[in-house]
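The values are calculated or read from the model by the stated rules, or taken from the named source; none is laboratory data. Quantities reported herein were computed from a predicted structural model and do not represent experimental measurements. Neighbour counts are summed over all protein chains in view; Cβ atoms, including those assigned to glycine, are modelled from backbone coordinates with ideal geometry.
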Amino acid sequence: MAIRYQALGDVVISLPYLNSLKERWPLATIDFLTREEDAAIPRSIHIFDKVIPIRGGRNSKRQLVYSLLALPYLWWRRYDVVLDLQNHRISRILRMALMPKAWCEFDKASPISAGERNRLSIEAVGLGPVKIHPEFKSKIKKKEIHSLLAAAGWDGQNNLVILNPAGFFPSRHWPIENYAKFVKEWIYVQPNTQFVFIGIARIQEKATHLKQQLGSLIIDLTGKTNIAEAFALVNEAKLILSEDGGLMHMAWVQGVPTLALFGSSRKDWSAPQGAWSHCLDSSDLACGPCMLEHCKFGDNRCLTRYSPEFVFQEAMKLVGKREREQ
């Protein structure tokens, strides 16, 4: 059993390494225990025999109660190995109660990427090396995703590029007008392209703004997909240009070329992994990564220094490299 309670991005980051473990041990039964809110994506792919949802939201006391209530079922499953990829009080209680023959705990402190820490934790249990294995078998059919896209204006032929200006804090935002200029740079070189917005309501205003400027070039699916559909839809993209957020992780774990724009975020912990990913970040600046909600200079200079023309060139490098590999 693998355990990862939260958050959605961290759940997603664990999946390509567990997918690699399943590839190495195809006859093994692998279960996944996670919060009920984060269970949709693990359920939508063919890795796990059981996805065990834990209720309680973000309330740790309620999570503990529901976790203890799940114990009789977990004992019945008779786990030989527990991969504690959360490493908090509740996951440790479960691991000790289950008394597996082998176990590991996630490294919460090292200044390396969460992906690498997942890999090292899984390998520490002694089942052999794992790697990023981004080729998931989805339970969601392509025609369902294509229908969603068509209903929002996709012509069925154009390449898709996902734009995700969803940084949680203002200090993680690249100016929305830069996204518009990026689109124009891209269309000049690759005109058979449309640009997709998916995800949470927080980016709705930005999606509407670009839709008003760029018309049918923009496919606005904000608030119109569930989490599992969003995960499957990302796999249809030629590239994602994203600020630090869950959608970025949904992309790189599936091998989608991912260009990340990190303002105040820590690259060493959160940057996308894989040769198909690149992160433009603030670690070379004296002020970064500051982790502040608002830029102390008021100009988000760690991101605004990256022009749309430069970002477009970096995106083309990623796409070209991926195409050569294929």
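Here is the figure for the range 126-180: residues that are part of a loop (DSSP other than H, G, I, E, B) and of a type in the set (Lys, Arg) total 4. Scanning the range 25-33 finds no residues that are part of a helix (DSSP H, G or I) and either in contact (Cβ under 8 Å) with a residue 40 or more places away in the chain or in contact with a Pro (Cβ under 8 Å, 6 or more places away or on another chain) (or both).
Residue check: is Ser147 among the small types (Gly, Ala, Ser) and not assigned by TED's automatic domain parsing to the domain that holds Gln273? Talk me through it step by step, then tell me what you get.
On the way: among the small types (Gly, Ala, Ser): yes; not assigned by TED's automatic domain parsing to the domain that holds Gln273: no.
For Ser147, the condition - among the small types (Gly, Ala, Ser) and not assigned by TED's automatic domain parsing to the domain that holds Gln273 - is not met.
Out of all the residues in the range 174-233, which are basic (Lys, Arg), closer than 24 Å to Leu303 by Cβ and touching a helix residue (DSSP H, G or I) at 6+ places or on another chain (Cβ under 9 Å)? Working first, answer last.
Residues of the range 174-233 basic (Lys, Arg): 181, 184, 202, 206, 211, 224.
With the extra rule that they be closer than 24 Å to Leu303 by Cβ, the set shrinks to 181, 184, 202, 206, 211.
Within the range 174-233, Lys181, Lys184, Lys206, Lys211 qualify.
One residue stands out among those in the range 46-105 that are polar (S, T, N, Q) and in contact with an Asp or Glu (Cβ under 9 Å, 6 or more places away or on another chain): the one that is surrounded by the most Cβ atoms within 10 Å (Cβ to Cβ), which is Gln86.
Is it the case, given these coordinates, that Phe136 is touching a residue at least 40 places away in the same chain (Cβ under 8 Å) and in contact with a strand residue (DSSP E or B) (Cβ under 8 Å, 6 or more places away or on another chain)? Don't jump to the end; show me each part of the working.
Details: touching a residue at least 40 places away in the same chain (Cβ under 8 Å): yes; in contact with a strand residue (DSSP E or B) (Cβ under 8 Å, 6 or more places away or on another chain): yes.
So Phe136 passes the test.
Among the residues in the range 247-258, are any surrounded by fewer than 20 Cβ atoms within 10 Å (Cβ to Cβ) and at pLDDT 95 or above? No; the residues of the range 247-258 include none that is surrounded by fewer than 20 Cβ atoms within 10 Å (Cβ to Cβ) and at pLDDT 95 or above. Restricting attention to the range 181-216, the residues that are surrounded by fewer than 20 Cβ atoms within 10 Å (Cβ to Cβ), within 25 Å of the chain's Cα centre (by Cα) and either among the aliphatic types (A, V, I, L, M) or part of a loop (DSSP other than H, G, I, E, B) (or both) total 2.
When each of Phe168, Phe182, Phe197 is tested for being among the hydrophobic types (A, V, I, L, M, F, W, C), at negative phi and touching an Asp or Glu at 6+ places or on another chain (Cβ under 6 Å), the lone residue that passes is Phe197.
Among the residues of the range 156-166, are any under 18 Å from Ala201 (Cα atoms), at pLDDT below 95 and buried (at least 20 other Cβ atoms within 10 Å of the Cβ)? Explain how you work it out, then say what you get.
The initial filter retains those residues of the range 156-166 that are under 18 Å from Ala201 (Cα atoms), namely 162-166.
With the extra rule that they be at pLDDT below 95, the set shrinks to 166.
Keeping just the survivors that are buried (at least 20 other Cβ atoms within 10 Å of the Cβ) gives 166.
Checked the range 156-166: at least one residue is under 18 Å from Ala201 (Cα atoms), at pLDDT below 95 and buried (at least 20 other Cβ atoms within 10 Å of the Cβ).
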